[in-house]
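The structure appears below as structure tokens.
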Amino acid sequence: MTSTRRPAVGYAMVLVAATLFGINGTVAKVALSSGLSSLRLTEARSAGAFVGLALIALVRDPASLRVARRELPRLALFGAVGVAFVQLFYFLAIHRLAIAIALLIQYLGPLLVAIWARTFGHEHVRRRIWAALGLSLTGLTLMVQLWNGLSLDGLGVAYAFIGAVAYAVYLLLAEREVASRDTISLMAWGFFFATLFWTVVQPWWSFPGHTIARTVSLQGNLSSVHLPVWALVLWVVVLGSIAPFSLIVGALRHVTATRAGVTAMLEPVVATIVAWAWLRESLSAAQLAGAAVVLAGIGLAQTAR
């Protein structure tokens, strides 16, 4: 039976997901300040998200988790490169950059996908993609203030750009796989292989349990509040991964992927506001203008393909 499409419900789900993703950046940055490395936070997030998404898939449709042997190499690539690297380089970037800047640079992923589709995928992509590229590059120039020789942490910017490439790979691989697999089971397998990848790179028996047992200040305007690191990691897993991913998937029953993608651009806006209100991170007038121009470029790119 075909379910009734309710666009208002779909947009509301995307907005809530984007808000949770936006808040998650600040929570993750506080967790990283405890001494927990970006690699370990990525490992913990992957494992927790895998467990949560696999349980959701088992409740909804256990058969959806079945996988053919020929699918395993593609799912492994999706998990290791798409899922693991996107998270890793985002966490590495926000450790050195303001969250808004790191997130906006990584959000260039959809623009890279559209360029790839036009130049290598032989897809019909509207010419507005080049206007989107021009807007995004202009906005980034304002954000990183190139006329000052690069006023931002160079390694942080590099991490964010690598994250953008990884995000583009993630989108391209996911787009191929969702043709034959539902999104929840796809993400469950993606996080499984990401967890497997990190388990090989940094075995669980060496996980710094003493670090997540620490109690840390929430910093900034919440510096008087202290929480255990494990509580922050739990937020990153449940409210920063499982809940927003599930909301996005549910929203696609009511709105198209393009409209969901444009609506999800609320994330960097929320991230900027939360980082300012919580951590006192602020952007200059030029950087705020650049952020607005980048958002316009990303939005235009979403409609070009």
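When the range 78-137 is examined, which residues are found to be among the aromatic types (Phe, Trp, Tyr) and in contact (Cβ under 8 Å) with a residue 60 or more places away in the chain? If the condition is that a residue be among the aromatic types (Phe, Trp, Tyr) and in contact (Cβ under 8 Å) with a residue 60 or more places away in the chain, then 78, 85, 89, 90, 91, 107 are the ones that fit.
A quick yes/no check of all residues on (1) surrounded by fewer than 21 Cβ atoms within 10 Å (Cβ to Cβ); (2) more than 16 Å from residue 187 (Cβ to Cβ); (3) among the acidic types (Asp, Glu):
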{"position": "202", "(1), (2), (3)": "yes, yes, no"}
{"position": "205", "(1), (2), (3)": "yes, yes, no"}
{"position": "210", "(1), (2), (3)": "yes, yes, no"}
{"position": "224", "(1), (2), (3)": "yes, yes, no"}
{"position": "232", "(1), (2), (3)": "no, yes, no"}
{"position": "236", "(1), (2), (3)": "no, no, no"}
{"position": "243", "(1), (2), (3)": "yes, no, no"}
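All of 57, 84, 76 fail the test of being under 14 Å from the mean Cα position of the chain (by Cα) and of a type in the set (Gly, Ala, Ser), apart from 84.
Listed by position, the helices (runs of 4 or more DSSP H) inside the range 201-279 whose residues that are over 30 Å from residue 300 (Cα atoms) and in contact (Cβ under 8 Å) with a residue 60 or more places away in the chain number at least 3 are 229-237. Of the residues making up the range 148-163, those that are at pLDDT 85 or above and surrounded by fewer than 22 Cβ atoms within 10 Å (Cβ to Cβ) are 155, 156, 157, 158, 161, 162.
The requirement of being hydroxyl-bearing (Ser, Thr, Tyr) and within 30 Å of residue 286 (Cα to Cα) is not satisfied by residue 42. Of all residues in the range 1-19, those being surrounded by fewer than 21 Cβ atoms within 10 Å (Cβ to Cβ) and assigned to a helix (DSSP H, G or I) number 8. Taking the criterion of being surrounded by fewer than 17 Cβ atoms within 10 Å (Cβ to Cβ) and either part of a helix (DSSP H, G or I) or modelled with pLDDT of 90 or more (or both), the residues of the range 67-91 that qualify are 69, 70, 71, 72, 73, 74, 77. Do we have residue 57 as aliphatic (A, V, I, L, M), part of a helix (DSSP H, G or I) and surrounded by fewer than 24 Cβ atoms within 10 Å (Cβ to Cβ) here? Judged against the criteria, residue 57 is a match. The residue of the range 169-190 that is surrounded by the fewest Cβ atoms within 10 Å (Cβ to Cβ), among those that are within 17 Å of residue 250 (Cα to Cα) and under 15 Å from the mean Cα position of the chain (by Cα), is 174.
Of the residues screened, residue 30 is not one that is β-branched (Val, Ile, Thr), touching a residue at least 60 places away in the same chain (Cβ under 8 Å) and surrounded by 24 or more Cβ atoms within 10 Å (Cβ to Cβ). Condition check for residue 47 on (1) buried (at least 22 other Cβ atoms within 10 Å of the Cβ); (2) in contact with a Ser or Thr (Cβ under 6 Å, 6 or more places away or on another chain); (3) part of a helix (DSSP H, G or I): one failure, at (1).
The values are calculated or read from the model by the stated rules, or taken from the named source; none is laboratory data. Since this is a predicted model, take the numbers as computed values, not measurements. Backbone-built Cβ (ideal geometry, glycine too); neighbour counts: all protein chains shown.
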